[in-house]
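Shown next, in structure tokens, is the structure this report addresses.
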Amino acid sequence: MQARVIIPLEEFPEEGLWVQGEADGALFGTDDTGAACVGALSYRLEAQLFETELVLRGSVSAPFRLRCDRCLREFEYTVTVDDLTISCDVRGKAEVDVTEELREEVLLELPGYPKCEISGLECEINDTICDFRLDKDPHSGVNSATPSGKSVWDALDDFPRK
Ligand SMILES: [Zn+2]
């Protein structure tokens, strides 16, 4: 599989050019979040050459293994960018390497706080089972007041006084 996405500019057809294929997902490396690409970067792009500029429009996608932010389960999720537009300066070039541009577009779409629900899984830790919101009513199940609702010290008032 090709390691990079390179678009040749020589004898570039005036009406444009469709470029599609796959590049090795290793180009993503692994980042700090633990997200790892587990397949290939797929691309399907329409390339058009203007005087000094190559414009690419189309879609890219790549499958990633992510870790759910809540339940810590690993799951696969395919990032797809459908409305991609990239332009590159082509002055003095015989070909353009757009690997880095495509890589960035995909990485931008990676969820920062992935939840396994985004890939259709049911998260084991969800809001109905375990509510982590801090603004909920405190309800510990332990009532510190007496059944009458008075303070426990009120009972001392009933003691016979001398
Ligand atoms: Zn989860």
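Just to be sure I understand the filter: pairs with C-beta atoms under 6 Å, separated by 6 or more residues or on different chains, first member in segment 48-68 and closer than 18 Å to Glu95 by Cβ and within 16 Å of the ligand (Cβ to nearest atom), second member in a strand (DSSP E or B) and charged (D, E, K, R). Which pairs pass?
Partner pairs satisfying both residue conditions: none exist.
Please go through segment 72-90 and pick out each residue that is surrounded by fewer than 18 Cβ atoms within 10 Å (Cβ to Cβ) and near the ligand (Cβ under 10 Å from one of its atoms).
Matches in segment 72-90: Leu72, Arg73, Glu74.
Go over the candidates Leu102, Leu84, Leu108 one by one and state the one that is at pLDDT 90 or above, touching a helix residue (DSSP H, G or I) at 6+ places or on another chain (Cβ under 6 Å) and either part of a loop (DSSP other than H, G, I, E, B) or not polar (S, T, N, Q) (or both).
Of Leu102, Leu84, Leu108, the one residue that is at pLDDT 90 or above, touching a helix residue (DSSP H, G or I) at 6+ places or on another chain (Cβ under 6 Å) and either part of a loop (DSSP other than H, G, I, E, B) or not polar (S, T, N, Q) (or both) is Leu84.
For every residue, the table says whether it meets (1) under 17 Å from the mean Cα position of the chain (by Cα); (2) crowded, with 19+ Cβ neighbours inside 10 Å; (3) β-branched (Val, Ile, Thr).
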| site | (1), (2), (3) |
| --- | --- |
| Ile7 | no, yes, yes |
| Glu10 | no, no, no |
| Val19 | no, no, yes |
| Ala23 | no, yes, no |
| Tyr43 | no, yes, no |
| Leu49 | no, no, no |
| Leu56 | no, yes, no |
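Just give me the residues in segment 112-123 being within 12 Å of the ligand (Cβ to nearest atom) and either in contact (Cβ under 8 Å) with a residue 60 or more places away in the chain or in contact with a Phe, Trp or Tyr (Cβ under 8 Å, 6 or more places away or on another chain) (or both), in sequence order. Let's see the steps before the verdict.
Just the residues of segment 112-123 that are within 12 Å of the ligand (Cβ to nearest atom), to begin with: 113-123.
Of everything in segment 112-123, those that are within 12 Å of the ligand (Cβ to nearest atom) and either in contact (Cβ under 8 Å) with a residue 60 or more places away in the chain or in contact with a Phe, Trp or Tyr (Cβ under 8 Å, 6 or more places away or on another chain) (or both) turn out to be Pro114, Cys116, Ile118, Ser119, Leu121.
At pLDDT 95 or above, within 16 Å of the ligand (Cβ to nearest atom) and of a type outside the set (A, V, I, L, M, F, W, C): is that true of Tyr43 in this structure?
No; evaluated as a whole, the condition is false for this residue.
Would you pick out the residues in segment 58-71 that are part of a loop (DSSP other than H, G, I, E, B) and surrounded by 19 or more Cβ atoms within 10 Å (Cβ to Cβ)?
The answer is Cys68, and nothing else.
Working only within segment 28-55, note down all residues that are in contact with a helix residue (DSSP H, G or I) (Cβ under 8 Å, 6 or more places away or on another chain) and assigned to a strand (DSSP E or B).
Ala36, Cys37, Ala40, Leu41, Tyr43
Output yes when any residue across segment 49-58 is closer than 30 Å to Lys115 by Cα and out of contact with any Leu (no Cβ under 6 Å at 6 or more places or on another chain), and no when none is.
Just the residues of segment 49-58 that are closer than 30 Å to Lys115 by Cα, to begin with: 57-58.
Next cut, out of contact with any Leu (no Cβ under 6 Å at 6 or more places or on another chain) only: 57.
Yes.
The values are calculated or read from the model by the stated rules, or taken from the named source; none is laboratory data. Just so we're clear, the structure is a prediction, and the values are computed from it rather than from any experiment. FYI the Cβ positions are ideal-geometry reconstructions off the backbone, even for glycines, and counts take in every protein chain you see.
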